[in-house]
Structure formats: C-alpha cells, structure tokens
Amino acid sequence: MSQIKLDHCVVHVSDWGRSNAFYRDVLGAELVKVGSRWAYRFGETQLNCHGPDVHATPVAKLPVMPGGSDLCFVWPEPIHTAIVHLEKHGVQVEVGPVPRFGSRGHGTSVYFRDPDGSLMEFISYESNQQSG
C-alpha cells in the first residue's frame with residue numbers, strides 16, 4: 001500500500017475577513033475560494049473552513065465550533081524567528097519556547113491563538129541558536 005498522507009482537515013471560523021487575514025498573514029496560507037467558503041492551503045495540505053453561511057454535508061458527529069481546534073505548523077527556521085514574526089503581527093505567545101515531539105522528532109514550540117481562540121503551535125526542528 002502506498003503511504004497515506006493527510007489531504008485536509010476542517011476548522012470552523014466565525015468571521016471570514018478576520019480569519020482570512022490571520023491565516024494568510026500570520027501562517028502564510030494561500031487563500032482558496034471554494035463556493036461560498038474559503039480554504040487555507042499550505043503546500044499539499046489544506047484547511048477547509050466551515051463558517052458563516054456554510055452548510056456543508058456531511059459533517060462530523062460533533063462539529064468543532066470556532067475556537068475548538070488545536071493545530072501545529074512546522075516553522076522552517078529557528079524558533080526565535082517565529083516569536084519575532086508573531087510579535088510583528090501583534091500575536092501574543094502564550095507558552096514557549098518549550099521542547100516538543102512532533103512528526104519529525106524532537107523540536108521546539110511556541111503556542112498562540114487564532115482570532116477565534118483555537119490553539120495554534122509553531123514547531124521548529126531547526127537549531128535554537130541565534131546566529132550572529
């Protein structure tokens with residue numbers, strides 16, 4: 001059997017404009033218009049969004065409400081640069097940097113929130129040493 005990969009998952013947002021700006025500007029997503037809703041694309045992985053005026057079928061037995069998601073994104077540089085990036089966008093780091101174990105092994109993470117309160121994480125597998 002070929003290797004199975006995650007294609008997309010679904011998050012629920014309460015305000016398209018606010019969420020689109022956050023996921024585009026802070027997380028670097030490509031915004032993809034899909035009918036009356038949006039999706040956020042990260043390379044080959046996508047977040048499909050349920051939000052205002054979206055009535056998707058089928059839905060999960062207990063659909064996640066806005067603010068109920070917990071997502072981790074790989075930060076491609078040392079974690080201190082993620083902190084600078086978040087500060088530049090006015091996003092508060094809630095926890096970190098802290099050691100974590102992710103899909104690529106040991107890394108260092110920082111945690112923050114999207115506009116609805118969902119927990120977001122940047123994990124870096126790069127060295128934590130600042131160059132200079």
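Tabulated values for the structure
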quantity: Any hit, the range 116-125, residues being modelled with pLDDT of 90 or more, charged (D, E, K, R) and touching a helix residue (DSSP H, G or I) at 6+ places or on another chain (Cβ under 8 Å); calculated: yes
quantity: Residue list for the range 1-24, filter: among the polar types (S, T, N, Q), without any contact (Cβ under 8 Å) to a residue 60 or more places away in the chain and over 16 Å from Glu44 (Cα atoms); calculated: Ser2, Asn20
quantity: Pairs where the first residue, in the range 50-64, is among the aliphatic types (A, V, I, L, M) and the second is in a loop (DSSP other than H, G, I, E, B) and modelled with pLDDT of 80 or more, C-beta under 7 Å, 6+ apart; calculated: Val54/Ser36
quantity: Whichever residue in the range 17-59 is small (Gly, Ala, Ser) and assigned to a helix (DSSP H, G or I) and, among such residues, is farthest from Thr81 (Cα to Cα); calculated: Gly17
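Conditions tested, residue by residue: (1) in contact with a Ser or Thr (Cβ under 7 Å, 6 or more places away or on another chain); (2) among the β-branched types (Val, Ile, Thr).
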{"position": "Tyr23", "(1), (2)": "no, no"}
{"position": "Arg37", "(1), (2)": "no, no"}
{"position": "Thr45", "(1), (2)": "no, yes"}
{"position": "His50", "(1), (2)": "no, no"}
{"position": "Trp75", "(1), (2)": "yes, no"}
{"position": "Leu86", "(1), (2)": "no, no"}
{"position": "Arg104", "(1), (2)": "no, no"}
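The values are calculated or read from the model by the stated rules, or taken from the named source; none is laboratory data. Remember, predicted model here, so these are calculated numbers, not experimental data. Here the Cβ is made from the backbone with ideal geometry for all residues, glycine too, and neighbour counts use every protein chain on show.
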